[in-house]
1. Counting only protein heavy atoms, what percent of the accessible surface of the stretch 387-444 is carbon or sulfur at a 1.4 Å probe?
2. Quick check: net charge around Val455, other residues with Cβ under 14 Å of its Cβ, Lys/Arg +1 and Asp/Glu -1?
3. Any idea of Ile204's accessible area? Nearest 10 Å², probe 1.4 Å.
4. Could you work out the relative contact order of the stretch 72-226, using alpha carbon pairs under 8 angstrom and six or more residues apart, expressed as a whole percent?
5. Could you please report the charge total around Met189, scoring K, R as +1 and D, E as -1 over all other residues with beta-carbon less than 12 angstrom from its beta-carbon?
6. Taking only protein heavy atoms into account and a 1.4 Å probe, give the accessible area per residue of the stretch 246-300 in Å².
7. Please work out the FRET efficiency for the pair Arg171 and Glu422, using the Cβ-Cβ distance as r and a Förster radius of 41 Å; give the result to the nearest 0.05.
8. PRE reach from Val9 (point 7 Å along Cα→Cβ): which of the stretch 98-138 fall under 16 Å by backbone N?
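The values are calculated or read from the model by the stated rules, or taken from the named source; none is laboratory data. On a predicted model such as this, the values are computed, not experimentally measured, just so you know. Don't worry about glycine lacking a Cβ; one is built from the backbone with ideal geometry, like all the others, and counts go over all protein chains shown. All accessible areas refer to the heavy atoms of the entire protein, side chains included, with ligands and DNA or RNA removed. Shrake-Rupley method; radii C 1.70, N 1.55, O 1.52, S 1.80 Å.
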Amino acid sequence: MTLKHCPVVLTDWFEEHRITEVECLVSDLTGILKGKIMPAGKYLNGGRPRLPDSIFIQSVTGGYPDDEALRFWNSAELDMQLIADPAAAYLVPWAEDPTAQIIHDCYYMNGEPVEIAPRHVLKRVLALYEARGWKPVMAPEVEFYLVKTNTDPDYPLEPPIGRSGRQESGRQSFSIDAVNEFDPLFEEMYDYCEAQQLDIDTLIHEEGAGQMEVNFQHGDPLYLADQVVIFKRTLRETALRHGMYATFMAKPMANEPGSAMHLHQSLVDAVSGENLFAGDNGQPSDLFMNYIGGLQTWMPAAMPLFAPNINSWRRLMPSEHGGSAPTNVEWGYDNRTVGLRVPVGNAEATRIENRVPGADANPYLVMAASLACGYLGMMSRLQARPPLTGTAWTGGVALPNDVGPALDALDGCDALADVLGERFVKSYLAVKRAEHLAYYRVISSWEREHLLLRV
């Protein structure tokens, strides 16, 4: 398929919205959107945007792993052609001229998919479910902070100033008035989301000063991953227009809670729509227990995808006072101290909430990883451990607590490499190890403060 042969629905959509310009978007490993901007006429009349496949081995700093780490890589930097997904076409409501932003899939010039592209990794996992007649359903909950603009990275972030002219100074969980402090921003955000048909549901104030959460309606994982990617871009743009930043860093401020991307997930029959996690008499099904068993078994190795950045691990550090970021793979009913929470509800709504991923995770990869763990559990018919009824802050099977051990665990996990793709896993490990090394080359203010004149 070439862009010249785009389905009629896309050309009609361009005409309906009088599109003059197209932003061709591709998510890299970090979740940063890369791509090209083209005139709409050229785009629809045979223009095929291309990018080098090396964008998928680029670190968050813009650097690359060293040659030794990339022995498996084709150093030619092959061209990829970007193929539009008409279901992932959105308006750019803040643009002066009618502009489209379209998420693309990546294919080599011989027609083979680029297997390390994050969107392809998720589609690869979803194909395994489809072959079994299963349809995963997900609903992300994405937390973020609004902060004052900060142009000097040496200075800590601060909460923004709202309508009252004051900063938040304490916890205001679920406060309506605290959300209303930023009504002009959120009203514009909702207008933009409506123009893009993003399926956002509720907006709440979270624990941290200036910390909010947006919930999405449940649906197809690929569709929801696209929506989260576009939402992040939309919120950042809206915040800038109101003189502040929106950040999805997992732990942007030292003394405030971290930001998560909770993933509610269930499994339905692709034909009947029956929830396969619901068993007889309102009890969980065998597939439900197997799915949790898979998460408990393989999540430790998948942690580099749930906590992809150096900063991610600051959110997961155990706190002497507890906290809302779980560091375990236990499960329980209506228990927010476990990594895998099962909300109380009717049988048809039986689902699992994976509370481990950070808001900084790549939506495609974090969904692919969670689904991969569950799939392996169902294929192996693993049984979950009994549900935890008390607190998991001081017990339970712990997850890796740092970048190095987590990367080593993923490197040694053949099962996840088989599901996610061996070449993808190798590329991801090379990039994340390069980022880890780059971080340790930076001397922090803590070191200068406590070591400069004392050791």
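1. Carbon and sulfur together cover 55 percent of it.
2. 0
3. 40
4. Once divided by the residue count of the stretch 72-226, the mean separation gives 24 percent.
5. So the surrounding residues net to -2.
6. Averaged over the residues of the stretch 246-300, the accessible area is 37 Å².
7. Calculated value: 0.35.
8. Only 102-105 fall inside the zone, counting backbone N under 16 Å.
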